[in-house]
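The values are calculated or read from the model by the stated rules, or taken from the named source; none is laboratory data. Computed from a prediction, not measured in an experiment: that's the story for all the values here. A quick note on method: Cβ atoms are made from the backbone with ideal geometry, for glycine too, and the neighbour counts reach across all protein chains shown. Remember, those area values only see protein heavy atoms, side chains included, never the ligands or the DNA or RNA. Shrake-Rupley method; radii C 1.70, N 1.55, O 1.52, S 1.80 Å.
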Amino acid sequence: PNFRIMSPLGYEKEDLDKIKSMPEVDIIMESYTKDVFINKEESTYTAKLFSYDEKDKDEGTFLNRPIIEEGRLPEKSGEIALEGKIRGIPKIKLGDTITLTLPNGDKLSDSFKESTYKVTGFVTMPYYASFERGQTNIGHGSIDYYGFISKQDFALEDITDLFIKTKESDDFIA
């Protein structure tokens, strides 16, 4: 198994350097996440967005890689791949445009460089093996869906999530 550690306020460079220097660590994938509202026409859903960086795939550091069900992962700014189960409920389909919002008082531009995204794919993610998507402090308190946008679309200063594979991870059975 791999591990995910989160810091909603973000990791400082010194913290990242300490974690990277631990002898038990094999691979670290740095990521951003943010809980948002996804809006399509009259419907609003709570989602956790993860950053996706094509270079992680190329360098072999992509942990908890999403599995493409239909379409593709984002290739450029303004594109999003959403959890596959979102297709049936709000009737979002490939090519649709969705809008991101945050609760009143939060500025979207503090977290994201874009506010609208074109749906390029539907995915499943090994990290979410169950139906539970986690809790959030926005909306009704639960995450409905997850999605991936380009790492460059996040405006956050500090990395918020680390996916870690230890040198012994392959020895464990989940």
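Scanning segment 1-14 for residues that are more than 22 Å from LYS48 (Cβ to Cβ) and not in a loop (DSSP other than H, G, I, E, B) returns LYS13, GLU14. One residue stands out in segment 41-57 among those that are of a type in the set (D, E, K, R), at negative phi and open to solvent by 60 Å² or more (accessible area, probe 1.4 Å): the one that is farthest from the chain's Cα centre (by Cα), namely GLU42.
The set of residues from segment 83-102 being farther than 18 Å from GLU42 by Cβ and either touching a Leu at 6+ places or on another chain (Cβ under 9 Å) or at pLDDT 90 or above (or both) comprises LEU94, GLY95, LEU102.
The residues listed here are ILE38, ILE19, ILE28; of these, the one that is surrounded by 12 or more Cβ atoms within 10 Å (Cβ to Cβ) and under 15 Å from the mean Cα position of the chain (by Cα) is ILE38. Restricting attention to segment 127-149, the residues that are at pLDDT 65 or above and open to solvent by 70 Å² or more (accessible area, probe 1.4 Å) add up to 3. Cβ-Cβ distances below 7 Å connect the following pairs, each with a first residue in segment 1-12 that is at pLDDT below 85 and open to solvent by 100 Å² or more (accessible area, probe 1.4 Å), a second residue that is outside any strand (DSSP E or B) and of a type outside the set (A, V, I, L, M), and a separation of six or more residues or different chains: PRO8/THR160.
Consider ASP56 carefully, then state whether it is assigned to a strand (DSSP E or B), at pLDDT below 90, closer than 19 Å to MET6 by Cα and of a type in the set (Asp, Glu). When the stated conditions are applied, ASP56 does not pass them. If you check every pair at least six apart or on different chains, which have Cβ atoms under 6 Å apart with a residue in segment 13-34 that is more than 21 Å from ASP171 (Cα to Cα) first and a residue that is small (Gly, Ala, Ser) second? From segment 13-34, the pairs are SER31/SER51; TYR32/SER51; LYS34/SER111.
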